[in-house]
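Read through the structure below, which is laid out as structure tokens, and then see the notes.
The values are calculated or read from the model by the stated rules, or taken from the named source; none is laboratory data. Because the structure is predicted, anything quoted here is derived from the model rather than measured. Positions of Cβ are generated from backbone atoms using ideal geometry, with glycine treated the same way; all protein chains shown enter the neighbour counts.
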Amino acid sequence: MNNSKDQIQDITAVPPVTSNHSTSWILKLTIGLIGMFAFLQVYSIQAVLPVMMVDFAATEVQAGMIVGALC
């Protein structure tokens with residue numbers, strides 16, 4: 001028969017719950033934001049190309065080279 005002391009020891013032997021779930025969503029959010037900003041950095045310059053073509057009276061290739069030289 002188990003006495004009350006054994007039952008108390010069994011309850012206290014359970015390891016504490018860790019917060020892996022909260023770390024997991026923070027990690028996923030961080031990775032998602034890094035991916036989003038990398039995407040924006042690569043493709044946001046395309047909106048500037050027509051302006052560069054007009055301002056510098058350049059062709060599409062020349063405007064692309066201007067952007068490449070600035071980056």
Search result, residues across segment 55-71 that are β-branched (Val, Ile, Thr) and modelled with pLDDT under 85: ILE66, VAL67
Unmet requirement for MET36, which otherwise passes all of (1) modelled with pLDDT of 90 or more; (2) loosely packed, with under 10 Cβ neighbours inside 10 Å: (2)
Selection status of MET52, modelled with pLDDT of 65 or more and either surrounded by 11 or more Cβ atoms within 10 Å (Cβ to Cβ) or of a type in the set (D, E, K, R) (or both): yes
